[in-house]
Amino acid sequence: MLEMAEVLKETSNANTVTITIPEGFTIDDIAVRVSENGICTKDEFLSAVKNYPLPSYVKDDPDKRYNLEGFLFPDTYNFDAGVKPEYIIETMIKRFEEIWSKVSTGFNIKSEDIEKVITVASIIEKEARVDKDRPLVASVIYNRLAQDMP
């Protein structure tokens, strides 16, 4: 009985790929990771990102390389090998929305400001080497924005 259960368990998970997307990964990094894990090719993923319908809180900006940058939530996911890249994107955006709803509770952040908040948070994540530097980096960013110094 135990052998049969083990075989069934292995068979049901045979086509499932577990993939971890760490914090700080860009869309290009994610594309490489999904490709390395045999889920889809890098080019398929990047094409899907560029053509994916944007959530209402993300503005279409032709000057941005990827409009969804910062909205594909870093986490560990399980995908079937060969799954469509649009499904990966949808799953990562849903995870972003789930976490966003938890962390933004109690704050009065308008839908049109979500992208600004995520952009600043992404810059802070990239620039701060250690946790204690985050408030300093945030202060520099907001001081520059207040002085109209992008």
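The values are calculated or read from the model by the stated rules, or taken from the named source; none is laboratory data. Model, not experiment: these values are computed from the prediction. As a convention, Cβ positions derive from the backbone with ideal geometry for all residues, glycine included, and neighbour counts pool all protein chains shown. Just the protein is used for accessible areas: all its heavy atoms, side chains included, with ligands, DNA and RNA removed. Shrake-Rupley method; radii C 1.70, N 1.55, O 1.52, S 1.80 Å.
Listed by first and then second residue, the pairs with beta-carbon distance under 6 Å, at least 6 apart or on different chains, first residue in the range 22-36 and within 16 Å of residue 50 (Cα to Cα), second open to solvent by 40 Å² or more (accessible area, probe 1.4 Å) and acidic (Asp, Glu), are 27/69.
Could you tell me whether the range 75-87 includes any residue that is assigned to a loop (DSSP other than H, G, I, E, B) and either of a type in the set (S, T, N, Q) or in contact with a helix residue (DSSP H, G or I) (Cβ under 7 Å, 6 or more places away or on another chain) (or both)? Yes. Looking at residue 5 and the list (1) assigned to a helix (DSSP H, G or I); (2) modelled with pLDDT of 95 or more, which single condition is not satisfied? Of the numbered conditions (1) assigned to a helix (DSSP H, G or I); (2) modelled with pLDDT of 95 or more, the odd one out for residue 5 is (2). Applying the criterion of being open to solvent by less than 50 Å² (accessible area, probe 1.4 Å) and among the aromatic types (Phe, Trp, Tyr) to the residues of the range 79-134, the residue that is farthest from residue 30 (Cα to Cα) is 100. Scanning the range 135-150 for residues that are open to solvent by 90 Å² or more (accessible area, probe 1.4 Å) and closer than 15 Å to residue 119 by Cβ yields 142, 144, 145, 150. Filtering 128, 48, 146 for residues that are closer than 20 Å to residue 23 by Cβ and either modelled with pLDDT of 90 or more or not acidic (Asp, Glu) (or both) leaves a single hit, 128.
Of the residues 45, 71, the single one that is farther than 22 Å from residue 121 by Cα and buried (at least 18 other Cβ atoms within 10 Å of the Cβ) is 45. Of all residues in the range 98-116, those satisfying the criterion of being part of a helix (DSSP H, G or I) and within 16 Å of residue 59 (Cα to Cα) are 111, 112, 113, 114, 115, 116.
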